[in-house]
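These notes concern the structure reproduced below.
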Amino acid sequence: MIAQNDTRVRQSQQSRGTIRGQPTQTHQRMPFRQDLTQLEPSELAKALDPLGARPFHAQHIYQWFYKRNVTQFTAMTDLSHALRKRLEQTFTTPVPRVTKREKSSDGTVKFLMNLSSGHQVETVFIPNTPAMTLCISTQVGCAMQCSFCLTGKMGLLRNLTAGEIAGQVRLMAHDLELVNHRFNIVLMGMGEPLHNYDETMKALRILGADCGLGVGPRRITLSTVGVLPALERLAHEPLMPNLAVSLHATTEELRNRLVPVNRKYGLADLIAACRRFPIKRRERITFEYVLLRDVNDSMADANRLGSLLHDIRSKVNLIPLNEAPGLSYRRPSEQQIEKFARALTNRGLTVSVRKSRGRDIRAACGQLIVEGARPSPGQRAATLIDRL
Ligand code: SAH
């Protein structure tokens with residue numbers, strides 16, 4: 001399933017005339033124009049060279065794009081007219097556009113964005129988590145088919161490009177006037193980021209550029225079901241985001257049912273990969289665990305979870321299911337959620353329960369992290385139950 005989709009994406013990149021950002025031969029009369037939103041600052045500087053521009057122009061263009069939200073070359077008024085014209089002849093800028101914005105009574109804002117291909121993606125702003133958090137998508141739909149997730153029901157329509165992933169942040173940050181404020185990014189919208197590895201990592205480099213939005217990797221959390229070869233690659237990235245792993249089950253048998261990719265990359269191997277994962281001092285891997293009534297919420301589940309994670313620097317993020325039509329699972333009672341959380345803290349784990357936000361605008365898909373008060377050194381357990 002994964003290999004097949006990868007091939008399709010490669011083919012579509014070729015048919016757009018770019019392989020790793022390089023123009024390919026084309027017999028059309030129209031000169032090939034490169035997608036500027038796909039270029040990191042150093043790549044942009046190289047691409048500008050044949051136009052007679054200087055490397056600092058790449059920084060200026062990034063500033064216009066990301067700091068000022070200006071994506072039309074004609075409006076980049078500190079560039080000469082001649083250069084602006086050449087830029088227009090050389091590059092395209094296929095940016096997403098916000099088509100709908102819905103605000104929830106709790107301050108959560110859901111954005112619907114149209115891509116140049118006509119597809120749509122959802123992004124969500126969640127205030128006061130306590131940080132400002134932007135939740136963005138990495139794919140249109142998702143191939144992972146987790147049995148309780150609505151996005152999985154769509155199947156994978158296509159991968160987002162790095163420019164489209166970074167573009168979601170640019171649009172939200174400007175719309176919400178966050179550009180000069182600290183905010184966090186979670187890759188917890190639509191899609192599986194490690195199933196679109198290269199574009200996701202490139203997006204993180206684009207977002208991190210100082211001449212752009214300057215969002216460093218420590219303010220970004222990548223959430224994954226555990227596509228193991230990609231997780232191994234991530235372990236060697238110079239630019240490493242925080243890691244959240246969607247675990248959801250404590251036995252191979254149950255995880256095979258809830259998270260079908262487990263049949264290919266099993267729970268035991270995933271836990272072993274997490275154990276090897278190079279986490280920095282004072283940091284931890286977050287394990288997400290969707291709570292499903294009578295499926296994975298028993299005390300036996302809690303005890304097995306405790307045993308699986310006991311020697312990993314981790315925190316557990318319990319996500320009571322967001323029920324939705326079309327899902328055959330139920331959310332456990334508040335009492336059961338609390339009991340499950342307490343069983344984990346009694347075993348010495350750090351636990352938070354994710355509060356469901358933006359429900360009145362259907363922005364809640366388990367996309368919000370409510371961090372518990374950070375435990376002081378030595379104090380390992382913290383429980384935070386948010387009642388709705
Ligand atoms: N593909 C990534 C990011 C997806 S969404 C991943 O799986 O980690 C982020 C989290 O929301 C995941 O843990 C996912 O399992 C969870 N989620 C999906 N559907 C949900 C639902 N109906 N209720 C609660 N959480 C859900």
Could you tell me whether any residue of segment 118-131 is surrounded by fewer than 16 Cβ atoms within 10 Å (Cβ to Cβ) and either assigned by TED's automatic domain parsing to the domain that holds TRP64 or within 13 Å of the ligand (Cβ to nearest atom) (or both)?
-> no
When restricted to SER307, SER328, SER314, SER333, the only residue of a type in the set (Gly, Ala, Ser), within 22 Å of the chain's Cα centre (by Cα) and either at negative phi or within 15 Å of the ligand (Cβ to nearest atom) (or both) is SER314
The residue from VAL95, VAL70, VAL9 that alone is under 16 Å from ARG170 (Cβ atoms) and modelled with pLDDT under 95 is VAL95
Within segment 264-303, of all residues that are touching a helix residue (DSSP H, G or I) at 6+ places or on another chain (Cβ under 6 Å) and in a loop (DSSP other than H, G, I, E, B), the one nearest to THR345 (Cα to Cα) is ASP297
Flagged in segment 107-117 as surrounded by 16 or more Cβ atoms within 10 Å (Cβ to Cβ) and either of a type in the set (Lys, Arg) or touching an Asp or Glu at 6+ places or on another chain (Cβ under 8 Å) (or both), in numbering order, are VAL109, LYS110, PHE111, MET113, LEU115
Hey, GLY191 on the phi > 0 side of the Ramachandran plot and in contact with a Cys (Cβ under 7 Å, 6 or more places away or on another chain) or not = yes
Here the qualifying pairs (Cβ atoms under 7 Å; residues six or more apart or on different chains; first in segment 171-196 and within 25 Å of LYS264 (Cβ to Cβ); second of a type outside the set (A, V, I, L, M) and away from the ligand (no atom under 16 Å from the Cβ)) come out as none
Considering residues that are in contact (Cβ under 8 Å) with a residue 60 or more places away in the chain and in contact with a Leu (Cβ under 6 Å, 6 or more places away or on another chain), the number found within segment 59-78 is 1
Filtering segment 304-352 down to residues that are within 13 Å of LEU291 (Cβ to Cβ) and either part of a loop (DSSP other than H, G, I, E, B) or not assigned by TED's automatic domain parsing to the domain that holds LEU243 (or both) yields LEU321, ASN322, GLU323, TYR329, ARG330, ARG331, PRO332, SER333
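The values are calculated or read from the model by the stated rules, or taken from the named source; none is laboratory data. Just so you know, these numbers come straight off a predicted model, no measurement behind them. Cβ coordinates were reconstructed from backbone atoms using ideal geometry, including for glycine residues, and neighbour counts include every protein chain displayed.
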